[in-house]
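Worksheet: the structure to be examined is printed underneath.
The values are calculated or read from the model by the stated rules, or taken from the named source; none is laboratory data. Keep in mind that what you see is a predicted model, and the values were worked out from it rather than measured. Please note: Cβ atoms are built from the backbone with ideal geometry, for glycine as well, and neighbour counts cover all protein chains shown.
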Amino acid sequence: MTGTEEKKGRTTTAGETPSAPIRLRPARDSDVGALVPLLLRLKRLNEEFDPLLKVREDAEAQARQILKADIANPKAVVLAAEGSGADRDKLVGFVRAQVRERPFYAPEQEGVILDIYLLPIYRRRGVGEFVLGEVANALKAKGAGVVTAEFPAQNEIAARFYSKRGFRPITAVQARSL
């Protein structure tokens, strides 16, 4: 997706009618106020996976600054997911990604999904897969030749989600407190 393009995602399970339509569009500066709480929900969830992911006291200000910078960054993708029905025009999720250089590897450009979050009611209905496909397309349009996803190592839900969609581990980050 580029520019102000919008796509509507309708998901179904075998034989059912659409259950969780969303509208996915590029995020705008005016969305930052609604995106910050969603980003913080994700980071607080990450904190539950590992104490080294403790959310800082200034996380709200950091989230606001990072989102604004990414929305303005031509190498970044921030997509806002709007709900329907009672959630019409309400932001119910987002995805944040960036294109990074890979100086030692081919392809030379990597699209990195940094954050993907949907409110619980929009999960397990194919909406995440739709969002993943759209962000992958947007990253490819920006020159990425491979797409990766960063998430806490202990987040088995994310690991299964990406694994089912053809992702596999290629690097590992290990940590310890000092």
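Data for the structure
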item: Given (1) surrounded by 13 or more Cβ atoms within 10 Å (Cβ to Cβ); (2) out of contact with any Pro (no Cβ under 8 Å at 6 or more places or on another chain); (3) at pLDDT 95 or above; (4) not charged (D, E, K, R), index of the condition Pro21 fails; result: (3)
item: The one condition in (1) assigned to a helix (DSSP H, G or I); (2) at pLDDT below 95 that Leu178 fails to fulfil; result: (1)
item: From Glu150, Glu110, Glu101, Glu129, residue being modelled with pLDDT under 95 and either within 21 Å of Asp31 (Cα to Cα) or not hydroxyl-bearing (Ser, Thr, Tyr) (or both); result: Glu129
item: Pairs where the first residue, in the stretch 65-83, is under 15 Å from Phe94 (Cβ atoms) and the second is hydroxyl-bearing (Ser, Thr, Tyr) and buried (at least 21 other Cβ atoms within 10 Å of the Cβ), C-beta under 8 Å, 6+ apart; result: Ala81/Tyr122; Gly83/Tyr122
item: Single residue of the stretch 130-150 satisfying the filter (touching an Asp or Glu at 6+ places or on another chain (Cβ under 9 Å) and not small (Gly, Ala, Ser)) that is nearest to Leu42 (Cα to Cα); result: Glu150
item: Residue list for the stretch 67-87, restricted to those being buried (at least 21 other Cβ atoms within 10 Å of the Cβ) and in a helix (DSSP H, G or I); result: Leu67
